Amino acid sequence: MKAIIVNGSPRKNGNCNILAEKFAGWLASENVEAEVIQIGSMNVNGCLGCWACSDTNKCIQQDEEFHTAAAKIYEADALMVFAPVYYDSIPGQLKSFMDRLFFHNRGGTGLKRKVVGACVVQRRVGAVSALDDIYHYIMCGEMIVATSSGENVVFGLNPGDVLSDEEGLSNLEKLAENMCWILNRIKKERDSK
Ligand SMILES: Cc1cc2nc3c(=O)[nH]c(=O)nc-3n(C[C@H](O)[C@H](O)[C@H](O)COP(=O)(O)O)c2cc1C
């Protein structure tokens, strides 16, 4: 089973990246392969609202970085999204990516029944509305949501701060465990066929 972990932060080596790498390690310990993709620093165009993808299930824009990342996500079994809180929401780069990722496959099965989770990093406030922003996409993707026993919010301002938030890390590890639990049961069922 394979998961794609999206780092939605423009800061390549910031807190989201630290958490994304940790998350990949937890998945690997349960035999789930994981790849981190740095979306936040991609030069990704926003949706043009042309609706061409309604007929083709493919975005007409030719930016290769977007299509390469989207193809990896469509091929994977799970998607985990990390984002920093920007003004109580998510960074624009991630929004542009998600608008297109979810819209251009509306009629397709690219995201259907993939296991999905989300986590946001905040300095002080805005995490709940930022998480909610990510869930808006997930709820339109026919996805299976993995959760934890609390909100998946980790506190931190400067790179590395998140490592001091024990409760945040513990909640995130539970989400990883639950994601693996679902994925390994899907694998068992697939293997039995
Ligand atoms: C443009 C911008 C807006 C931000 N807005 C918020 C905010 O609304 N609430 C908050 O708690 N932190 C806010 N922050 C702080 C970041 O969420 C925090 O530094 C986070 O750790 C960054 O994650 P990263 O290191 O993965 O980029 C903002 C940071 C930037 C650069």
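Rule-based calculations on the coordinates, nothing more; no lab input. In this text, all values refer to a predicted model and were calculated from it rather than measured experimentally. So basically every Cβ, Gly included, is an ideal-geometry build from the backbone, and we count neighbours across all protein chains shown.
Before moving on, here are some points about what is shown:
- Ascending count of other beta-carbon atoms within 10 Å, so fewest first, for Arg185, Arg11: Arg185, Arg11
- Residues Trp51, Trp26, ranked from the fewest to the most other C-beta atoms within 10 Å, line up as Trp51, Trp26.
- Axial C-alpha extent at least 27 Å, average Kyte-Doolittle at least -1.0 - helices from the chain (DSSP): 166-191
- Estimated 222 nm signal from helices in the chain, with DSSP H stretches of n ≥ 4 weighted -39500 (n - 2.57), rounded to 500: -13000 deg cm²/dmol
- Counting only aspartates and glutamates at least 8 places from Lys193 when in the same chain, those with an alpha carbon closer than 18 Å to its own are Asp77.
- Filter on Lys112/Lys174; Lys2/Lys58; Lys2/Lys72; Lys12/Lys112; Lys72/Lys188 - keep pairs with C-alpha separation over 18 Å: Lys112/Lys174; Lys2/Lys58; Lys12/Lys112; Lys72/Lys188
- Cα centroid of segment 75-128 to Cα centroid of segment 1-73, whole Å: 9
- Across the chain, the convex hull enclosing all Cα atoms gives 107 Å³ per residue.
- Sorted by Cβ density within 10 Å, fewest first, the residues Ser54, Ser96, Ser192: Ser192, Ser54, Ser96
- Selection from Val145, Ser170, Val81, by position along the positive dipole direction of the chain (Cβ): Val145
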